[in-house]
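Taking it in order: structure first as structure tokens, then the write-up.
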Amino acid sequence: MKPEELIALAVEAMGHAYVPYSGYKVGAALLCADGTVYQGCNIENASYTPTVCAERTAFFKAVYDGKRDFSAIAVVGGKDGVLTGTFPPCGVCRQVMREFCADDFKVYMGGPGGSFETRTLAELLPFSFSAAEHMK
Ligand code: THU
């Protein structure tokens, strides 16, 4: 699947965001190694800290369904769903990616006008803690 197609699915997912507090809508589309895609949105909470990001919603849906091998994720976001720049995954979401993904897992960050930036997980989370490396 092309990055542009995955980003389009992330844009669609952004429409599902529940964001009564920040107004920042975020969408993610997670591509599994078998070609299936899981979409996620951010879901906020009046108590703030229970808020879950779009990326983790997508990962947890996929893991619940038994998926363990992932190729890429597309992420988009912006105030009221308007893309004014890229929306890089937060540190917590990067750590969740680390749990399931290899160094070459790709993160496509969509921006305005079809623009996007690509980074690998290794680039976004260098010198990281992982079960595979540190809990042998
Ligand atoms: N958010 C995400 O969904 N993903 C990220 O990686 C960063 C932040 C959400 C959480 C919150 O609902 C809103 O963006 C503003 O922080």
Whichever residue in segment 73-92 is of a type in the set (A, V, I, L, M, F, W, C) and farther than 15 Å from Y38 by Cα and, among such residues, is surrounded by the fewest Cβ atoms within 10 Å (Cβ to Cβ):
V82
Run I7 past the list (1) over 28 Å from A132 (Cβ atoms); (2) out of contact with any Leu (no Cβ under 9 Å at 6 or more places or on another chain); (3) within 12 Å of the ligand (Cβ to nearest atom); (4) among the aliphatic types (A, V, I, L, M) and report the number of the one that doesn't hold.
(3)
Need the failing condition index for A102 against (1) in contact (Cβ under 8 Å) with a residue 24 or more places away in the chain; (2) surrounded by 14 or more Cβ atoms within 10 Å (Cβ to Cβ), just the number.
(1)
Criterion: within 13 Å of the ligand (Cβ to nearest atom), under 20 Å from R119 (Cα atoms) and at pLDDT 95 or above - qualifying residue of A54, A46:
A54
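Being in contact with a strand residue (DSSP E or B) (Cβ under 7 Å, 6 or more places away or on another chain), surrounded by fewer than 23 Cβ atoms within 10 Å (Cβ to Cβ) and either within 16 Å of P89 (Cβ to Cβ) or not charged (D, E, K, R) (or both) narrows it down to one residue among A33, A8; which is it? Step through it out loud before you land on a result.
On the way: A8 fails: in contact with a strand residue (DSSP E or B) (Cβ under 7 Å, 6 or more places away or on another chain).
Unique residue meeting the criteria: A33.
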Find the residue count for segment 60-69, including only residues that are touching a strand residue (DSSP E or B) at 6+ places or on another chain (Cβ under 6 Å) and closer than 16 Å to A102 by Cα.
1
Against the conditions (1) in contact with a strand residue (DSSP E or B) (Cβ under 9 Å, 6 or more places away or on another chain); (2) in contact (Cβ under 8 Å) with a residue 24 or more places away in the chain, where does V52 fall short? Just the number, please.
(2)
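The values are calculated or read from the model by the stated rules, or taken from the named source; none is laboratory data. The shown structure was predicted, so the numbers you read here are calculated from the model rather than taken from an experiment. Here the Cβ is made from the backbone with ideal geometry for all residues, glycine too, and neighbour counts use every protein chain on show.
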